[in-house]
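Novice: Below: one structure in structure tokens.
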């Protein structure tokens, strides 16, 4: 039996969907925790985790992630969206350079 070696790019392509789902789940969970937390330090840390996950999505999947200004929330916030996954969360605009 011939053993085939996969290239690094083939492995990345194979695990990309799972990585995207993991980052989206992390961002949603952190957002939920931040909204329900009553302790300001825990709330700030949860929002920090959310923003870090959203940055990871933008960095690792730039062709799938869209950053839009959301004027309903004011000029300081953007909406980070992945249309094909029906995913969207708000984040500070300064994080994404807007």
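Novice: May I ask you to say which residue of 17, 44 is without any contact (Cβ under 8 Å) to a residue 12 or more places away in the chain and closer than 13 Å to residue 82 by Cβ?
Specialist: None of the others qualify; the one that does is 17.
Novice: Then there's this: Scan the strands (runs of 3 or more DSSP E) fully inside the chain and keep the ones with 3 or more residues being surrounded by 14 or more Cβ atoms within 10 Å (Cβ to Cβ) and within 13 Å of the chain's Cα centre (by Cα).
Specialist: Counting at least 3 such residues, we get 77-82, 87-92.
Novice: Also: When both residues are 6+ apart or on different chains and their Cβ atoms are under 6 Å apart, which pairs have a first residue that lies in segment 21-37 and is closer than 12 Å to residue 80 by Cβ, and a second that is in a helix (DSSP H, G or I)?
Specialist: So the pair list comes out as 23/53; 23/56; 23/57; 27/50; 27/53; 27/54; 31/50.
No value in this document is a laboratory result; all are computed from the given coordinates. Here the structure is a predicted model, which means the values were calculated and not measured. Methodologically, a virtual Cβ is constructed for each residue, glycine included, from the backbone with ideal geometry; neighbour enumeration extends over all protein chains shown.
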